[in-house]
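Take a look at the structure set out below.
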Amino acid sequence: MFPPFPEDEAAALCKKIVCLLEEKKIRIERTGKISEERIDAGVMIGVLVCTDKNGQKINLASLSGTSRKFASDFPITDFVPVGCIVPPEKIDSALEKNDAEIHRLTKILEDEGLSEEERKKIHAQRKKLTDESLSNVHKLYSFRCMDGKKITLGEICRKKGIALPPTGTGECSGPKLLHYAFENGLHPVSMAEIYFGKSTQSRESGKIYPPCDERCGIILPEMLGLEIIYRDSSIVVVNKQSGLLSIPGRTEDKKDCITSRLKKIFPECIEQPAVHRLDMETSGLMVLALTKDAHRKLSMDFEAGKVKKEYEALIDGILAKKQIAAEGCMELYFRLDVENRPHQIWDSENGKKSITEWKILNVESFTTLLGERRNVTRVRFIPHTGRTHQLRLASADSHGFGMPIMGDSLYGPNPEKATKESRLLLHAAYLSFTHPETGETMSFKSPCPF
């Protein structure tokens, strides 16, 4: 995953720690059980530079895993305790129930005289036990988030549709550092991780690495409240989750949004960083500006139609049955229905023109949250204008497809049922624009989550 915070300051401290380890001025010692195959394994060292409520800098360091710790203190960082999220003894206790039986089955599998059928049966027994042990460990984990709330690993996995996350999820340096910082009222400024130990095919000792996709990529976006796809001193690109506003609404219960969360992470950003928005129910890529100059340039490019966007949607029905072409471009005219905000209505005289290109990708079967099977059409939309609810209207209105996007609570035939069946199945999957400072073409893709 892309590093969510600037790395330079923390990376410099990471390299100092590695130098001190190589010079044997500090050392790492084992604190618990470690499997034979991992005795010589290296370790990720993480550093988080924070500020406290008085603006004072505090440097934190941590090690990945549960079986090692720094053996001595030194002045450049404070050490995050090994068990700051879950004490190692609790993990050992959760594993203990099945540990002996797993080892027994492993020993049996070393017998070359086993038939293939016997081997498959024992493999299945061992997998069932290891999955149960892993599940017991994962139940122990909960993380303090940037907003002060806590979230369990189970809640994170349910939101992301993950049955069983990888072994070691929650014990990387990044989650430990952020959890400890948020528990103690500290604000992150810079974060980096460095590998130390025997080099492997994927890791070189003394090299800085971003947070891992397979474990940190699950946890860190939930702890921060944002999935950061890219970040530099001028802009941030995020993968917005469905159900979150892009900008704050007027009432207090609508203050939580992409921009408010961004400003918590980057408090020095401008007051209004959003240069475009996605509907609350729509997921996908958004670019935000950290500086006034970046905001001005990006806003001009959006206004001039220089920003390229692509969306994926699941349409409730089979478009081909309505003789809808496999691809094409539609020109529609809508305006606000002032008596039924925020709905838009067709108005060929006073409506604003919207231009939408489409391509049918596939016809699929979709199972709703109510368990009903529906035939749906997967469509790629390329909007050439940026009108309110443009793609939802292109789908649902009789002047467009005449078939709503699945889960559309505004323009579907049964709004109350729509929200129970599914979220709005509309995703901003591609975004390309000119970087406001460098002039470089920036292109991003986000896999469709449905």
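Among the residues in region 267-275, are any in contact (Cβ under 8 Å) with a residue 40 or more places away in the chain, touching a strand residue (DSSP E or B) at 6+ places or on another chain (Cβ under 8 Å) and surrounded by 15 or more Cβ atoms within 10 Å (Cβ to Cβ)?
Residues of region 267-275 that are in contact (Cβ under 8 Å) with a residue 40 or more places away in the chain, as a first pass: 267.
Cutting the leftovers down to touching a strand residue (DSSP E or B) at 6+ places or on another chain (Cβ under 8 Å) gives us 267.
If we keep only those that are surrounded by 15 or more Cβ atoms within 10 Å (Cβ to Cβ) too, we end up with none.
Scanning region 267-275 turns up no residue that is in contact (Cβ under 8 Å) with a residue 40 or more places away in the chain, touching a strand residue (DSSP E or B) at 6+ places or on another chain (Cβ under 8 Å) and surrounded by 15 or more Cβ atoms within 10 Å (Cβ to Cβ).
Considering every residue within region 384-398, establish whether at least one is in contact with a Phe, Trp or Tyr (Cβ under 8 Å, 6 or more places away or on another chain), of a type in the set (A, V, I, L, M, F, W, C) and without any contact (Cβ under 8 Å) to a residue 24 or more places away in the chain.
yes
Go through region 174-218 and give me each residue that's more than 24 Å from residue 153 (Cβ to Cβ), out of contact with any helix residue (DSSP H, G or I) (no Cβ under 7 Å at 6 or more places or on another chain) and part of a loop (DSSP other than H, G, I, E, B).
Once the filter is applied, which keeps residues that are more than 24 Å from residue 153 (Cβ to Cβ), out of contact with any helix residue (DSSP H, G or I) (no Cβ under 7 Å at 6 or more places or on another chain) and part of a loop (DSSP other than H, G, I, E, B), region 174-218 yields 197, 198, 199, 200, 201, 202, 203, 204, 205, 207.
Across region 375-421, which residue is surrounded by the most Cβ atoms within 10 Å (Cβ to Cβ) among those that are touching a helix residue (DSSP H, G or I) at 6+ places or on another chain (Cβ under 8 Å) and not in a loop (DSSP other than H, G, I, E, B)?
Going through the qualifying residues, I end up with 405.
Sort out which residues of region 360-371 are in a loop (DSSP other than H, G, I, E, B) and open to solvent by 70 Å² or more (accessible area, probe 1.4 Å), and write them in order of number.
369, 370
For region 108-121, give me the residue count where each residue is hydrophobic (A, V, I, L, M, F, W, C), part of a helix (DSSP H, G or I) and either at pLDDT 95 or above or more than 20 Å from residue 97 (Cα to Cα) (or both).
1
One line per residue, one yes/no per condition, for (1) open to solvent by less than 20 Å² (accessible area, probe 1.4 Å); (2) closer than 24 Å to residue 12 by Cα; (3) of a type in the set (Phe, Trp, Tyr):
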| position | (1), (2), (3) |
| --- | --- |
| 157 | yes, no, no |
| 164 | no, no, no |
| 171 | yes, yes, no |
| 175 | yes, yes, no |
| 180 | no, yes, yes |
| 189 | no, yes, no |
| 199 | no, yes, no |
| 204 | no, yes, no |
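Of 357, 349, 331, which residue is more than 22 Å from residue 423 (Cα to Cα) and not in a strand (DSSP E or B)?
Going through 357, 349, 331 in turn, the sole match is 349.
If you check every pair at least six apart or on different chains, which have Cβ atoms under 9 Å apart with a residue in region 76-105 that is closer than 21 Å to residue 150 by Cβ first and a residue that is of a type in the set (D, E, K, R) and open to solvent by less than 30 Å² (accessible area, probe 1.4 Å) second?
That search, which allows pairs on different chains as well, returns 80/176; 81/176; 82/176; 84/176; 85/171; 85/176; 86/171; 91/171.
Residue by residue, here is whether (1) part of a loop (DSSP other than H, G, I, E, B); (2) open to solvent by 80 Å² or more (accessible area, probe 1.4 Å); (3) more than 30 Å from residue 237 (Cα to Cα) holds:
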position	(1), (2), (3)
2	yes, no, no
14	no, no, no
26	yes, no, yes
41	yes, no, yes
65	yes, no, yes
69	no, yes, yes
94	no, no, yes
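The values are calculated or read from the model by the stated rules, or taken from the named source; none is laboratory data. Note that the structure is predicted; figures quoted are calculated from it, not measured. Note that we place each Cβ from the backbone using ideal geometry, even for glycine, and neighbour counts take in every protein chain shown. Surface areas here come from the heavy atoms of the whole protein model, side chains and all, with no ligands, DNA or RNA. Shrake-Rupley method; radii C 1.70, N 1.55, O 1.52, S 1.80 Å.
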